[in-house]
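Report on the structure given below.
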Amino acid sequence: MTKKPLNSGKPWTPSDLKLLKNEVRSHTPTRMIAMHLKRSVEAIYAKAANMHLSLRMAHLKPAHISRAKW
């Protein structure tokens with residue numbers, strides 16, 4: 001049996017939603033967002049879709065990292 005994340009089944013708080021939005025905008029990988037929010041990757045995908053946020057670019061280089069560091 002797989003282990004459930006700590007926030008499994010709990011409602012999303014306004015701070016959770018703000019963090020999700022900020023991390024999506026900074027192109028944080030979906031697995032990292034899930035770890036930060038202590039939720040499953042599936043929950044992140046579902047909530048992002050519900051909020052009309054695209055996770056398509058999450059695997060690319062974050063916008064705040066310069067070309068030299070990448």
| request: Be a star and scan the stretch 19-51 for residues whose amide nitrogen sits under 12 Å from the point 7 Å along the Cα-to-Cβ vector of Lys4. | output: 40
| query | Relative to the present Cα-Cα distance, how much length would full extension add between Val41 and Leu53 at 0.36 nm per residue of separation? | reply | 2.9 nm
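Laboratory data are not the source of any read-out in this text; all were calculated from the coordinates shown. Not measured: the values here are computed from a predicted model. Methodologically, a virtual Cβ is constructed for each residue, glycine included, from the backbone with ideal geometry; neighbour enumeration extends over all protein chains shown.
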